[in-house]
Amino acid sequence: MSTRSRNRILLAISLFLFIYSFTHNHQFPIRWTSSSRLFPSRQHDNDDANTLRQQVPLASLQSEFFTWSDPDSPPGPKPPSKPPAEPSPPIPDPFPLLSQPDSLRKYRKYLQAVGENAPPKKHYPQKTPLLVGFTRNWPQLLQCVVSYIAAGWPPEDIYVVENTGTMFSNREGKLGLQNPFYLNHTQLGMLGVNVIIVGNPLFLVTSPGTLSTQHPGMDSFCVRVGGNLHTPTLLTFAQLQNFYLWEALNRSWPTFFWTHQDLLVFSSEDDEFSEPHYTLYDRAVSVLQFLLEPTSPKWAHHFFAYDHLTLVNTDALLSVGGWDTQIPFYATDCDMYVRLMWAGFWQGESEIGIILDVATVLDDIGALFRIPGIVASFQGDPNATTFDKERIEKEGETHERLVDIGRRMEGMKYQDGENTWRNTWQLKQRGGQGEPFYRDAEGFEYATKMMIDLGRAVFAEKWGHRGCDIAKIGIKPEDAWRLERDWERDGEGGEEGYEGDGW
């Protein structure tokens, strides 16, 4: 066959394939644009695409993805609207001093632990990172962080894990205070709490605007102004715990601490039997040093006020496979702690200071630093007491009064003897409309509760039992997903097992 004949055959085949592809992917008659050109020239690339390109109906896409009913049937009516959300009062600035540069220069020396609560000038030989997970409610987080600093925890050891799912919006200042997911990186930096953003590759920022080289042993991206970790997307509680383990691996942390953000902590300053004075941080380190002794038991966690503050043995948790992320929130702690117990790990508890579980925030968080002139108070205080105004103007708040107010804040959270008010702090901010990654606050809360129910149902199905007492009734690790349900579908546990008591 000659070259000319071969080229004619190839041309005919190409023309046939073009016509076949064209006729099977476009509907006729074809509606051409005013430009009458299928392939616009480069000079028109920035023009309106609809005036340049052939209009192709999306019939197949609409039928497969945009409708769930018969495409030939008329669409149903739009569902009725829910009642409008109750208005929420705006959140005030929780620490005004940090927003006032002129005043800040005058009072900067107060932004640290007071007197004997100051951390040791020479750091303990052990690494003591404290991770604080954050998703919602900036005032609550800021109060927690400031209380840890005031109680003696070195601010450079505090890592706020930004788990908002808003990418770089907070770092770039695109969210406002009324947005539930708002976080102020600048103010954390003022307190010495560093900011790290995770991705790839890695850069470290030791001060604003200063880049350093890649840190050995880490393969995630960090922009660092201290110790704030930023998850790449919104994580559940179980996923966040595994993220902590991941960071511990990357940073060569054999142990680390983590804490809830809805806490108010204090060192004990009125212990007449403690000489010299030991802060909450000192006592936490002493527990760590004990557990690292060769004669100490094989351990996984050590709790302070249950898991409000927790010390973690990284290798122990990794040895049992980490947290079960299919149980996203409540009940995932039961699953993890029991699996560790089955593996022979000890998990003890100690008292190292005053750790209060609160749902409210001080009117001015600066009172925790005992800044002269800032009076400790909070909205709705049922037993507000008189105070020595002249003393506070000169010397700031007293430890005794701060602790008393903190205990009243905790009392309000559990005022009805139940958990009714326990998580109300998560829904304090309801703004942010029009800002990046906006989510309806009530919708986000409702969806989270649905995931909580789902997690409890997964736990119940995994172990065949509702509730955390799976070890007490003789269940073993090898029983996971191999047991029949021990509750009736129409009984207290409901169809999926997450309803009723026992959780």
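Checked against the criteria, SER60 does not count as exposed (fewer than 13 other Cβ atoms within 10 Å of the Cβ), over 35 Å from the mean Cα position of the chain (by Cα), at pLDDT below 75 and part of a loop (DSSP other than H, G, I, E, B). Taking the conditions exactly as written (free of Cβ contacts under 8 Å to residues at least 40 places away in the same chain and in a loop (DSSP other than H, G, I, E, B)), does PRO84 satisfy them or not? When the stated conditions are applied, PRO84 passes them.
Confirm whether ALA284 is closer than 12 Å to GLY348 by Cα and among the small types (Gly, Ala, Ser). Against the criterion (closer than 12 Å to GLY348 by Cα and among the small types (Gly, Ala, Ser)), ALA284 does not qualify. Selection of helices (runs of 4 or more DSSP H) fully inside the stretch 239-344 by the criterion of at least 3 residues being more than 19 Å from the chain's Cα centre (by Cα) and surrounded by fewer than 16 Cβ atoms within 10 Å (Cβ to Cβ) returns 280-291, 314-319. A residue that is under 21 Å from GLY406 (Cα atoms) and either at pLDDT 95 or above or outside any loop (DSSP other than H, G, I, E, B) (or both) can be found somewhere in the stretch 152-164.
All of (1) farther than 14 Å from GLY133 by Cα; (2) at pLDDT below 95 hold for HIS230 with one exception: (1).
Do we have any residue at all in the stretch 98-109 that's of a type in the set (Lys, Arg), closer than 26 Å to ASP262 by Cα and not in a helix (DSSP H, G or I)? Within the stretch 98-109 (the criterion being of a type in the set (Lys, Arg), closer than 26 Å to ASP262 by Cα and not in a helix (DSSP H, G or I)), the answer is no, since none of the residues qualifies. All of LEU131, LEU175, LEU141 fail the test of being under 21 Å from LEU235 (Cβ atoms), in a loop (DSSP other than H, G, I, E, B) and either touching a helix residue (DSSP H, G or I) at 6+ places or on another chain (Cβ under 6 Å) or modelled with pLDDT of 95 or more (or both), apart from LEU175. When the stretch 428-477 is limited to residues that are part of a helix (DSSP H, G or I) and among the basic types (Lys, Arg), the one that is nearest to the chain's Cα centre (by Cα) turns out to be LYS449.
Consider THR295 carefully, then state whether it is β-branched (Val, Ile, Thr) and either modelled with pLDDT under 95 or under 24 Å from GLU162 (Cα atoms) (or both).
In short, no.
Could you check, for the stretch 407-422, whether at least one of its residues is modelled with pLDDT of 95 or more, over 23 Å from the mean Cα position of the chain (by Cα), surrounded by fewer than 16 Cβ atoms within 10 Å (Cβ to Cβ) and of a type in the set (Asp, Glu)? The answer is no, given that none of the residues of the stretch 407-422 is modelled with pLDDT of 95 or more, over 23 Å from the mean Cα position of the chain (by Cα), surrounded by fewer than 16 Cβ atoms within 10 Å (Cβ to Cβ) and of a type in the set (Asp, Glu). Considering only the stretch 380-390, I want to know if a residue exists there that is assigned to a helix (DSSP H, G or I), in contact (Cβ under 8 Å) with a residue 24 or more places away in the chain, more than 26 Å from ALA238 (Cβ to Cβ) and out of contact with any strand residue (DSSP E or B) (no Cβ under 7 Å at 6 or more places or on another chain). Taking every residue of the stretch 380-390 in turn, none turns out to be assigned to a helix (DSSP H, G or I), in contact (Cβ under 8 Å) with a residue 24 or more places away in the chain, more than 26 Å from ALA238 (Cβ to Cβ) and out of contact with any strand residue (DSSP E or B) (no Cβ under 7 Å at 6 or more places or on another chain).
The values are calculated or read from the model by the stated rules, or taken from the named source; none is laboratory data. Because the structure is predicted, anything quoted here is derived from the model rather than measured. Positions of Cβ are generated from backbone atoms using ideal geometry, with glycine treated the same way; all protein chains shown enter the neighbour counts.
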